[in-house]
Amino acid sequence: MSIPPLPLAFIGWFFAIVSFAALVVGVLLLQHLFRSGRIPPEYLQSRIVGDIALLLVWAIGLASAFGLLNGQTWGRIGLEYFCWVLIALTLLSGGSRLTAYLRHAPGERLTPRAWVLAVAGVLLVAMPLILLCGVTIVTLRGEPAQSQLGQKQPQ
């Protein structure tokens, strides 16, 4: 069974739109929190660098998507890197959410149903994103994509 490749135009536009939306939402959210005074000084000292790094990753995704749409070989490399980082961040985020869920109720008994619902909630978001990124990586590494972008297949 082989995975059918996605069209490069779909990959480019999908990641351009998603990256742009993530950047706009992230910047607007940080700007709103900063102007309203809801960001404590501890956050600015410890977490702001991580948030700026995350925005930088989304900017790499946006630039790479437009590079891919314009037929640039660096767009393929950048978008593949972006997909690997997005897979890692998705797995880390899902794991940290499940860990936080388990720590949230230390005195309460965790029922099997609650555990299944928590895992299902994480998987509902994580699995489609990981699958899409995986298919994108396979497509970008494939011979049709590399020949379309004028890059030779490594031997």
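Coordinate-derived values only; no laboratory data. The structure presented is a predicted model; accordingly, all values stated were derived computationally and were not measured. Here the Cβ positions follow ideal geometry from the backbone for every residue, glycine too, while neighbour counts run over all protein chains shown.
Dividing the C-alpha radius of gyration of the stretch 1-65 by 2.2 N^0.38 Å, with N its residue count, gives 1.50.
Where only DSSP H runs of four or more residues are counted, the chain gives -28000 deg cm²/dmol as its mean residue ellipticity at 222 nm, each run worth -39500 (n - 2.57).
Highest-first packing order for the peptide set 125-137, 76-88, 29-41 is 76-88, 125-137, 29-41, based on the mean count of other beta carbon atoms within 10 Å.
When N counts the residues of the chain, how does its alpha-carbon radius of gyration compare numerically with 2.2 N^0.38 Å, as a ratio?
Output field value: 1.27.
Counting 0.36 nm for each residue step from I60 to Q31 and taking away their Cα separation leaves a gain of 8.4 nm. All alpha carbon pair distances within the stretch 48-138 were sorted into 5 Å bins beginning at 0; the resulting P(r) in whole percents reads 3, 13, 17, 18, 15, 12, 9, 6, 4, 2, 1, 0.
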